[in-house]
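Below: the structure, in structure tokens.
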Amino acid sequence: MSDIQTLKDWIQESDNIVFFGGAGVSTESNIPDFRSDNGLYKKQYRYPAEQMISHSFFVSNPKEFYEFYFNQMIFPDAKPNKAHLALAKLEKMGKLKAVVTQNIDGLHQKAGSKNVFELHGSVLKNTCVKCHSHYTLEETMASRNADGIPVCPMCQGIIKPDVVLYEEGLDEATIYGAVQAIEQADLLIVGGTSLVVYPAAGLLQYFHGKHLVLINRDATSMDHQADLVIHDSIGQVFSQVVDLD
Ligand SMILES: [Zn+2]
């Protein structure tokens with residue numbers, strides 16, 4: 001039996017699927033992974049990407065932080081790809097219970113997914129550091145001052161994206177929800193991640209269900225633990241296992 005048919009059968013059998021996704025899910029919507037493309041940014045900016053999106057850099061150099069952030073991490077025109085759409089459809093069918101993602105672009109919600117645990121937060125949500133008012137991405141972009149720093153119209157505090165920066169901890173409620181979903185799943189599909197970014201590999205250890213499936217273009221450190229490994233594009237695979245019409 002082909003790998004695609006095996007995955008199809010397992011999806012057919014299950015009504016408790018959880019999907020865990022990494023940067024590879026977003027790159028197929030033309031959102032670059034800054035981690036794998038760091039060389040590119042080095043030429044353009046005075047600091048490495050990891051430093052520019054750290055908490056201390058946000059505090060000490062907000063102008064440069066937002067220059068990098070709005071230029072390199074915000075893609076308002078990005079559209080969900082076939083993987084996002086297939087996952088939203090599986091949730092609607094009652095088969096998929098949760099998406100756990102390391103991506104911050106909000107494309108799962110754009111595709112229609114409801115139960116999404118965004119481990120690293122979301123660029124679509126933004127909060128004033130002073131009065132804690134919430135702002136959409138559009139409102140945040142519209143609130144930028146002459147230095148390009150978004151400023152709260154209510155209190156003049158800086159608006160910060162609800163994105164987990166380097167040096168910041170992950171949101172506990174989000175982690176808890178993700179762990180619970182993974183613990184209860186009987187089919188866990190992991191896609192578009194090499195499983196090296198924290199806390200990916202650790203979260204997989206909570207899975208005790210029937211089938212662990214890994215879909216990634218390249219081999220990962222967890223391939224030997226999976227029941228099925230497919231080295232291919234995630235959108236390509238999902239368009240073959242879920243009828244999107
Ligand atoms: Zn404010």
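Of note, residue 106 satisfies the criterion of being small (Gly, Ala, Ser), within 21 Å of residue 90 (Cβ to Cβ) and under 13 Å from the mean Cα position of the chain (by Cα).
For the residues 197, 190, 179, the requirement of being more than 16 Å from the ligand (Cβ to nearest atom) and under 30 Å from residue 61 (Cα atoms) singles out 197.
Out of the residues in the stretch 127-172 that are assigned to a helix (DSSP H, G or I) and among the acidic types (Asp, Glu), state the one that is nearest to the ligand (Cβ to nearest atom). Step by step, filter the stretch 127-172, then rank; the result is 139. Being within 16 Å of the ligand (Cβ to nearest atom), at pLDDT 95 or above and surrounded by 15 or more Cβ atoms within 10 Å (Cβ to Cβ), is that true of even one residue in the stretch 207-221? No: the stretch 207-221 contains no residue that is within 16 Å of the ligand (Cβ to nearest atom), at pLDDT 95 or above and surrounded by 15 or more Cβ atoms within 10 Å (Cβ to Cβ). In the stretch 99-112 there is at least one residue that is within 27 Å of residue 14 (Cβ to Cβ), in contact with a Lys or Arg (Cβ under 8 Å, 6 or more places away or on another chain) and buried (at least 22 other Cβ atoms within 10 Å of the Cβ). Given the criteria out of contact with any His (no Cβ under 8 Å at 6 or more places or on another chain) and hydrophobic (A, V, I, L, M, F, W, C), does residue 129 qualify? It is true that residue 129 is out of contact with any His (no Cβ under 8 Å at 6 or more places or on another chain) and hydrophobic (A, V, I, L, M, F, W, C). Screening residue 237 against (1) open to solvent by 20 Å² or more (accessible area, probe 1.4 Å); (2) in contact (Cβ under 8 Å) with a residue 24 or more places away in the chain; (3) of a type outside the set (Lys, Arg) leaves a single unmet condition, (1). (1) surrounded by 14 or more Cβ atoms within 10 Å (Cβ to Cβ); (2) under 26 Å from residue 23 (Cβ atoms): which one isn't true of residue 173, the others all being true? Result: residue 173 fails condition (1) only. Considering (1) out of contact with any helix residue (DSSP H, G or I) (no Cβ under 8 Å at 6 or more places or on another chain); (2) closer than 26 Å to residue 146 by Cα, the lone condition that residue 9 does not fulfil carries the number (2). The lone criterion from (1) part of a helix (DSSP H, G or I); (2) at pLDDT below 95 left unmet by residue 194 is number (1).
Within the stretch 144-155, none of the residues are modelled with pLDDT under 95 and surrounded by fewer than 17 Cβ atoms within 10 Å (Cβ to Cβ). Could you go through the stretch 38-50 and let me know if any residue there is of a type in the set (Gly, Ala, Ser), part of a loop (DSSP other than H, G, I, E, B) and either open to solvent by 10 Å² or more (accessible area, probe 1.4 Å) or modelled with pLDDT of 95 or more (or both). Checked against the condition, which is being of a type in the set (Gly, Ala, Ser), part of a loop (DSSP other than H, G, I, E, B) and either open to solvent by 10 Å² or more (accessible area, probe 1.4 Å) or modelled with pLDDT of 95 or more (or both), the stretch 38-50 yields no hits at all.
The values are calculated or read from the model by the stated rules, or taken from the named source; none is laboratory data. Since the model is a prediction, treat every value here as computed from it, not as a measurement. For neighbour counting, all protein chains shown are included, and Cβ atoms are generated from backbone atoms with ideal geometry for every residue, glycine included. Ligands, DNA and RNA are stripped out before the accessible areas are found, and what is left, the full protein with its side chains, is counted by its heavy atoms. Shrake-Rupley method; radii C 1.70, N 1.55, O 1.52, S 1.80 Å.
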